[in-house]
Amino acid sequence: MHLFTIKIPILRQNYKLEKINLKMADKEKFELEIPVKASPKMLFSFLSTPSGLADWFCDDVNSRGEIFTFFWEDSEESAKLIAKKTDKFIRFRWMTDEEAGDKQYYFEFKIEVDDLTNDVSLIVIDFAEPDEVEESKQLWDSQVHQLLHTIGA
């Protein structure tokens, strides 16, 4: 775990400013694996195209090259497409992380097919603050169940 420092001035009784350091933990990586009754090709279209993502992930999506802008009610967030292999995985980085220089963080949708049974699983990989991991997992679980409902799986 990496730590970084934020310096905050504090006013002391003699009115001199003193700087203190607050340590903040890095985000934790987590994964969710969900069985999906759909072909990798069909599933990938819901994970990688603006229209597919708008069906389950958010209200609307616009894309310009590698930049995807996601819209939810009164808010929007942009993410950069940083890696993709058709029918296998797609990885995005939120632009807020990109601009902050936090290039180790991303969210990824990975499709795995069991060699013996041909069962398909969707693996969601993301990062969250240590005290927000469970909440983030619940949010992803909810979103993925919306995806499953949408594709009828």
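Values quoted throughout were computed directly from the atomic coordinates according to the rules given, and no laboratory measurement underlies them. Keep in mind that what you see is a predicted model, and the values were worked out from it rather than measured. Don't worry about glycine lacking a Cβ; one is built from the backbone with ideal geometry, like all the others, and counts go over all protein chains shown.
A few comments on the model shown:
- Qualifying residue in region 81-103 (condition: free of Cβ contacts under 8 Å to residues at least 40 places away in the same chain, under 16 Å from residue 51 (Cα atoms) and surrounded by 13 or more Cβ atoms within 10 Å (Cβ to Cβ)): yes
- Filtering 136, 142 for residues that are closer than 25 Å to residue 29 by Cβ, among the hydroxyl-bearing types (Ser, Thr, Tyr) and either part of a strand (DSSP E or B) or touching a strand residue (DSSP E or B) at 6+ places or on another chain (Cβ under 9 Å) (or both) leaves a single hit, 136.
- Scope region 104-137; condition of a type in the set (Val, Ile, Thr) and either surrounded by fewer than 14 Cβ atoms within 10 Å (Cβ to Cβ) or over 30 Å from residue 64 (Cβ atoms) (or both); matching residues: 113, 117, 120, 133
- For region 36-68, a residue qualifies if it is in contact with a strand residue (DSSP E or B) (Cβ under 9 Å, 6 or more places away or on another chain) and part of a loop (DSSP other than H, G, I, E, B), and the qualifying residues are 37, 38, 39, 49, 57, 58, 59, 65, 66.
- Among the residues of region 69-112, those that are in a helix (DSSP H, G or I) and under 15 Å from the mean Cα position of the chain (by Cα) comprise 95, 96, 97, 98.
- Unmet requirement for residue 73, which otherwise passes all of (1) under 30 Å from residue 38 (Cα atoms); (2) surrounded by 11 or more Cβ atoms within 10 Å (Cβ to Cβ): (2)
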